[in-house]
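What follows is calculated from the coordinates using simple rules that are stated; it is not laboratory data. If you're wondering where the values come from, they're calculated on a predicted model, not measured in any experiment. Cβ: placed from backbone, ideal geometry, glycine included. Neighbour counts: every protein chain shown.
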């Protein structure tokens, strides 16, 4: 997952994990959350991280699908204009 899309998916993810942990009563700073996820020492943080990644990847796939559909429509419109 080393594409531009993966960077956009992971952007701000540690902040969101820290926010969700805080809503569950665990108040930690973002750098601490980051190290816990990288070192894989906190199962709650890892679970939340995985959930967020899954949500974002699903949203990205859905957006890519909409983009490709719109692109196909434009291509068909352009091809009909050039035929006339």
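In terms of the ratio Rg/(2.2 N^0.38 Å) built on C-alpha atoms, what value belongs to the chain?
This ratio for the chain stands at 1.63.
Return the FRET efficiency for the residue pair residue 71, residue 11: r is the Cβ-Cβ distance, R0 is 22 Å, and the value is rounded to the nearest 0.05. Working shown, then result.
On the way: r = 24 Å, r/R0 = 1.10.
E between residue 71 and residue 11, to the nearest 0.05, is 0.35.
If the chain between residue 60 and residue 27 were fully stretched, how many nm would it gain, using 0.36 nm times the residue separation less the Cα-Cα distance? Can you show the working numbers first?
Working: separation 33, 0.36 × 33 = 11.88 nm, distance 2.93 nm.
That works out to 9.0 nm of additional length.
Given 4 °C and 1.567 mPa s, compute D for segment 37-84 with the Stokes-Einstein relation, Rh being the Kirkwood radius over Cα pairs; round to the nearest whole µm²/s.
Estimated diffusion coefficient is 95 µm²/s.
At what distance in nm do the modelled label points of residue 41 and residue 78 sit from each other, each positioned 7 Å from its Cα along Cα→Cβ?
5.3
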